[in-house]
Amino acid sequence: MKLKGKVALVTGSSQGIGQAIAIRLAEEGAKVVINYRSNPAGAEETLSKVQAAGGDCVLVEGFCDNDRGYSVGADLGMIDDVRRLIAEGIKHFGQLDILVNNAGIEKHAAFWEVSEADYEAVMNVNLKGVFFATQAMVKHLIETQRTGKIINVSSVHEELPFPNFTAYCVSKGGLKMLTRNLAVELGPLGITINNVAPGAIETPINTKLLNDPQKLGALLQNIPLNRLGQPQDVASLVAFLSSSDADYITGSTFFVDGGLLWNYHEQ
Ligand code: NAD
């Protein structure tokens, strides 16, 4: 229960990695603001799993578990919605301590065929949304004179090229510098910020890959630990970085990739 008394907001937590993070943070005692865009059923599923994960603790602590999970619909491409999302989380729980910028999308296209709409969609969710959600969170922490933790779900592609996904790589590369810059700027305020960078994780974002045995086999050969990652593999690292055990850690990227990144460099 390392996060007892903390409130965490996890963007894009209706499925995949975000859902696992929301559940894991609840298991560690945090109250969780669940965020979704287009999958209310998934958000409901997260909500009930968060409540189930927190149920025991609620009984022990003797308070109603209604306030352990809270769904807010928000399109992170819209700055007003990003601000509303943070504001609603604060309004519901009275505070925010942890922001996990998890929501992310990717669009496949050769560089010369990338449309402006697809470029904007990727950058708005993956970078601009993170930028302004973090800004709203930091303003809240400054106003309430509290410290806090920000964790961005980046990707091995903040380092590794990924042909035909240039906007995605640009967005995740941008996250790397956002985190380094803010570590310096926010450090004096006691606010830490770090990136968690998954490799290949079994989530809906990889549905196409998961259904292509040939591509999947080739990928697995590049992963020294010889398996895809699970959302929980990422969630456990986020839980650590959200906790006071990580108080002296800021501005870093931590890879959760079964060794994929270093194997790639060796080839
Ligand atoms: P996913 O597609 O299962 O989940 C993405 C989540 O983001 C969904 O819940 C979706 O609703 C949400 N989202 C997208 N646009 C949004 C918006 N405008 N507003 C609010 N929410 C929005 O994918 P995932 O694998 O769980 O991805 C989570 C994060 O992990 C992403 O940032 C992704 O880039 C990153 N990542 C995933 C992998 C992987 O292999 N799965 C690898 C590296 C990085």
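Just one of the numbered conditions (1) in a helix (DSSP H, G or I); (2) within 15 Å of the chain's Cα centre (by Cα); (3) within 18 Å of Asn101 (Cβ to Cβ) is not true of Asn195; which one?
Answer for Asn195: the failing condition is (1).
Considering (1) at pLDDT below 90; (2) under 22 Å from Leu182 (Cα atoms); (3) more than 18 Å from the chain's Cα centre (by Cα), say which one Arg83 fails and leave the rest.
Going through (1) at pLDDT below 90; (2) under 22 Å from Leu182 (Cα atoms); (3) more than 18 Å from the chain's Cα centre (by Cα) one by one, Arg83 breaks only (3).
Looking at Glu158, Glu120, which one is among the charged types (D, E, K, R) and farther than 23 Å from Ile249 by Cβ?
Glu120
Looking at the stretch 222-263 only, could you name the residues that are away from the ligand (no atom under 15 Å from the Cβ) and either touching an Asp or Glu at 6+ places or on another chain (Cβ under 6 Å) or within 18 Å of His157 (Cα to Cα) (or both)?
Within the stretch 222-263, Pro224, Ala239, Gly251, Ser252, Trp262, Asn263 qualify.
Please enumerate the residues belonging to the stretch 77-133 that are under 25 Å from Val238 (Cα atoms) and more than 16 Å from the ligand (Cβ to nearest atom).
Answer for the stretch 77-133, where residues must be under 25 Å from Val238 (Cα atoms) and more than 16 Å from the ligand (Cβ to nearest atom): Ile90, Lys91, His92, Phe93, Gly94, Gln95, Leu96, Asp97, Ile98.
Filtering the stretch 36-56 down to residues that are part of a helix (DSSP H, G or I) and hydroxyl-bearing (Ser, Thr, Tyr), which residue is nearest to the ligand (Cβ to nearest atom)?
Result: Thr46.
Just the residues that are modelled with pLDDT of 90 or more and surrounded by 24 or more Cβ atoms within 10 Å (Cβ to Cβ), please, taken from the stretch 36-54.
Across the stretch 36-54, the qualifying residues are Thr46, Val50.
Which residues, counting only those in the stretch 9-34, are among the β-branched types (Val, Ile, Thr) and near the ligand (Cβ under 8 Å from one of its atoms)?
Across the stretch 9-34, the qualifying residues are Thr11, Ile17.
Quick one: would you say Pro188 is closer than 28 Å to Ser115 by Cα, without any contact (Cβ under 8 Å) to a residue 24 or more places away in the chain and either buried (at least 18 other Cβ atoms within 10 Å of the Cβ) or not polar (S, T, N, Q) (or both)?
Values: closer than 28 Å to Ser115 by Cα: no; without any contact (Cβ under 8 Å) to a residue 24 or more places away in the chain: yes; either buried (at least 18 other Cβ atoms within 10 Å of the Cβ) or not polar (S, T, N, Q) (or both): yes.
Against the criterion (closer than 28 Å to Ser115 by Cα, without any contact (Cβ under 8 Å) to a residue 24 or more places away in the chain and either buried (at least 18 other Cβ atoms within 10 Å of the Cβ) or not polar (S, T, N, Q) (or both)), Pro188 does not qualify.
Check the stretch 193-205 and report whether any residue there is away from the ligand (no atom under 12 Å from the Cβ) and either polar (S, T, N, Q) or on the phi < 0 side of the Ramachandran plot (or both).
Among the residues of the stretch 193-205, at least one is away from the ligand (no atom under 12 Å from the Cβ) and either polar (S, T, N, Q) or on the phi < 0 side of the Ramachandran plot (or both), which makes the answer yes.
For the stretch 139-164: of the residues being over 19 Å from Val234 (Cβ atoms) and outside any helix (DSSP H, G or I), which is farthest from the ligand (Cβ to nearest atom)?
Among them, the one singled out is Gln145.
The values are calculated or read from the model by the stated rules, or taken from the named source; none is laboratory data. Just so we're clear, the structure is a prediction, and the values are computed from it rather than from any experiment. Ideal geometry is used to build each Cβ from the backbone, glycine not excepted, and the neighbour counts take in all protein chains shown.
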